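Have a look at the structure below before the remarks.
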Amino acid sequence: MGVITSILKDELPGVFVHSVQLGSSVGADRTAGFFGNINSQIDTVCESLSAIEELNDGVNLMGFSQGGLFLRALVQRCPAIRAKVLVTFGSPHGGVARIPECTGSADTLCQWMRQLASRGVYSWYIRDHVIQAQYFKDPERIDQYLQYNIFLPDVNNELEDRSDVYRERILALDKMVLYKFSEDKMIYPDMSPWFGFVDTDGNDIPVQNSTMYQEDWLGLRGLEESGKLSMLSLDGPHMHIGEDVLRNIVAEHFGASEKVMPFYVQD
């Protein structure tokens, strides 16, 4: 994240950058990416951001991997955030049909998370305490997902009691840019960063074919029809972003609004 902060400051001279941190240390912050309650974390971040004066006039937002999903939920739920541009990279907006893979066997936190999740993502303890279970969506058990998942059905406005506020806040964005990775093996399905998913046979369902889009539960169709939604692809595996590529992205999507203070979340 330090490298990304430097790139933002290089490309947008004088810009204010805030990196969202949940734990009191680097280790605690990483643990919070695997274990905790997303809803409580979003409430905590919303409260902390509301006290930062530099963010009062509007913010640009960058989110990486699951951090982009949480950042989008923050836009919908946090009144203190006046979001202008939201850019996410490899973020599971549509949910995951498999618990994300670990980067290696030495990643003990991730391995522990996967072991717990394998015992049942909709059990009361796992669904409240394992982060990745809170955006898990089994295409063969959609009814259970809607009933027991404590996070994603709400922020995707999939429940019967839909929020007009969520839709209004998404539509209020000047721009939403969703990047997916062409060789993503961590997020399944790989259409999820574009709000897509799969059916019970594993066939891709583009977001445009979903009821959520067609009835515009979340404002995505309205954004796309107004030219404010971009779905783009980056070559390579999950979260492999070259520095030159990132610099070009920052210049393209934030360069025209450098007086607006961006902040970003870590993955």
Among the residues listed as Val87, Val26, the single one being touching a residue at least 12 places away in the same chain (Cβ under 8 Å), closer than 27 Å to Ile249 by Cα and among the β-branched types (Val, Ile, Thr): Val87
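Could you grab me the full set of residues in segment 143-154 that are touching a Ser or Thr at 6+ places or on another chain (Cβ under 9 Å) and modelled with pLDDT of 95 or more? Let's see the steps before the verdict.
Looking only at segment 143-154, we keep the residues that are touching a Ser or Thr at 6+ places or on another chain (Cβ under 9 Å), and these are 148, 154.
Of everything in segment 143-154, just one residue is touching a Ser or Thr at 6+ places or on another chain (Cβ under 9 Å) and modelled with pLDDT of 95 or more, namely Asp154.
With Gly196, Gly227, Gly236, Gly222 as the choices, which residue is among the small types (Gly, Ala, Ser), touching a residue at least 24 places away in the same chain (Cβ under 8 Å) and on the phi > 0 side of the Ramachandran plot? Break it down into steps so the answer makes sense when it comes.
On the way: Gly196 fails: on the phi > 0 side of the Ramachandran plot; Gly227 fails: touching a residue at least 24 places away in the same chain (Cβ under 8 Å); Gly222 fails: on the phi > 0 side of the Ramachandran plot.
From the options Gly196, Gly227, Gly236, Gly222, the qualifying one is Gly236.
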Testing Pro139 on (1) within 15 Å of the chain's Cα centre (by Cα); (2) farther than 21 Å from Leu71 by Cβ, one condition comes back false. Which one is that? (1)
Of the residues in segment 142-156 that are among the aliphatic types (A, V, I, L, M) and either part of a loop (DSSP other than H, G, I, E, B) or within 14 Å of the chain's Cα centre (by Cα) (or both), the one that is nearest to Leu71 (Cα to Cα) is Val155
Answer residue from segment 114-136, given it is surrounded by 14 or more Cβ atoms within 10 Å (Cβ to Cβ) and hydroxyl-bearing (Ser, Thr, Tyr) and is modelled with the lowest pLDDT among those: Tyr122
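When you scan segment 159-183, how many residues do you find that are acidic (Asp, Glu) and in a loop (DSSP other than H, G, I, E, B)? Please lay out each step first, then the result.
First, the residues of segment 159-183 that are acidic (Asp, Glu): 160-161, 164, 168, 174, 183.
Now restrict to residues that are in a loop (DSSP other than H, G, I, E, B): 160-161, 174, 183.
Matching residues across segment 159-183 total 4.
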Suppose we keep only residues that are under 24 Å from Phe151 (Cβ atoms) and surrounded by 17 or more Cβ atoms within 10 Å (Cβ to Cβ) within segment 2-29. Which one would you say is nearest to the chain's Cα centre (by Cα)? Val20
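With Gly196, Gly202, Gly219 as the choices, which residue is small (Gly, Ala, Ser) and farther than 22 Å from Gln132 by Cβ? Full working, then the answer.
Details: Gly196 fails: farther than 22 Å from Gln132 by Cβ; Gly202 fails: farther than 22 Å from Gln132 by Cβ.
Sole residue among the options that is small (Gly, Ala, Ser) and farther than 22 Å from Gln132 by Cβ: Gly219.
The values are calculated or read from the model by the stated rules, or taken from the named source; none is laboratory data. Predicted model only: the values in this text are computed from it and were never measured. Backbone-built Cβ (ideal geometry, glycine too); neighbour counts: all protein chains shown.
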